[in-house]
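One structure is given here, and the rest of the page talks about it.
The values are calculated or read from the model by the stated rules, or taken from the named source; none is laboratory data. Computed from a predicted structure; not experimentally measured. A quick note on method: Cβ atoms are made from the backbone with ideal geometry, for glycine too, and the neighbour counts reach across all protein chains shown.
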Amino acid sequence: MASFDKIDWRRAQRGHVTTDSGQLHEGFLRHRNFRWAKIALTISAIAILAYALVDQTPRPNGGTWLGYVLGTVGVGLILWLTLLGLRKRAITPGRWSLKAWTSAHVYLGLSLVVIGTLHTGFLFGWNVHTLAYALMMIVIGSGLYGIAAYDRLPAALSSNRGEVTQRQMLANIAAIDRQLHGAALPLAGDEAAIVQGSIDGTRLGGGVVERLSGRARGCGNRRALDAFAALLPAATGDRADRLHKIVLLFERKEATLGLARRHISIRARLEVWLFVHVPATFALIAALIAHVVSVFFYW
């Protein structure tokens, strides 16, 4: 890890960090001074110029010679971009390192917005061709979310959990539950049942919405905390001390649950894009096959 007094801040502001060993580390987006961003921009500019300068009627679309060229380039790029998953299994240095491949994947993927749109000739309808275009845009959009998520959320994840691991969070909740069980033994039956409701009815994780939002509706601990907080003002003597101790345990548990739920929420937001990106990629390939076959069948 780089120490703060060894960082060249001018390079750090450009996305570069120099470590104590003098090695320069850069993110895949800035790889080789944005080499693949420049290549992608060049490809996009050529496509736009070709589309603008070709003088023909009708305007270039998927059924013209320029449309076929753009379509061929687009299909080739899509098929190559899908190979990143296989490429991740072989980490090698050099020109085609995983970092370089990932940088190319991002920027060439973005160039498909230009290439694919010009290929359509801005002609859309309820057909397999527009379906393939829509799926391509979904894949690109989910990929952009993934880039933003991995740029921002890991820091939030680290800040939230501090020095506590997920396993330690769960262990802390289990330890508080044991203390609650012991504190509830002298209570009356209905009050002990409320405490048991906290132990048995704690909700952590759950469905997609709960995991992403970091909230749990109907959590037993929240209900138990509210119930005991309402009993506390009227209690006196030893009973007041006992109830106060239990309320403090509920509050500690609620704070720990909040920490764990935020941890789960951030992890879910880090991972959720893959549940869109990967299936949409396979659907895109299927739609592309149908698109290409139908084009050549009716050509």
Scanning the stretch 139-163 for residues that are in contact (Cβ under 8 Å) with a residue 40 or more places away in the chain and of a type in the set (Gly, Ala, Ser), the one surrounded by the most Cβ atoms within 10 Å (Cβ to Cβ) turns out to be 143
Those residues of the stretch 40-49 which are farther than 9 Å from residue 104 by Cα and not polar (S, T, N, Q) amount to 41, 43, 45, 46, 47, 48, 49
Residue 260 vs (1) under 34 Å from the mean Cα position of the chain (by Cα); (2) surrounded by fewer than 16 Cβ atoms within 10 Å (Cβ to Cβ); (3) at pLDDT 90 or above: all pass except (2)
When restricted to 35, 14, the only residue modelled with pLDDT of 85 or more, closer than 21 Å to residue 104 by Cβ and surrounded by fewer than 18 Cβ atoms within 10 Å (Cβ to Cβ) is 35
Just one listed residue, out of 197, 220, 205, is within 21 Å of the chain's Cα centre (by Cα) and touching a residue at least 12 places away in the same chain (Cβ under 8 Å), and it is 205
Subject >> Yes/no for residue 192 being surrounded by fewer than 17 Cβ atoms within 10 Å (Cβ to Cβ) and in contact with a helix residue (DSSP H, G or I) (Cβ under 6 Å, 6 or more places away or on another chain) >> reply: yes
Residue 238 fails exactly one of (1) modelled with pLDDT under 90; (2) surrounded by 14 or more Cβ atoms within 10 Å (Cβ to Cβ), namely (2)
Picking from 212, 225, the residue that is among the hydrophobic types (A, V, I, L, M, F, W, C) and modelled with pLDDT under 90 would be 212
Discussion item. Taking the criterion of being assigned to a helix (DSSP H, G or I), more than 32 Å from the chain's Cα centre (by Cα) and not hydroxyl-bearing (Ser, Thr, Tyr), would at least one residue in the stretch 279-293 satisfy it?
Written reply: yes
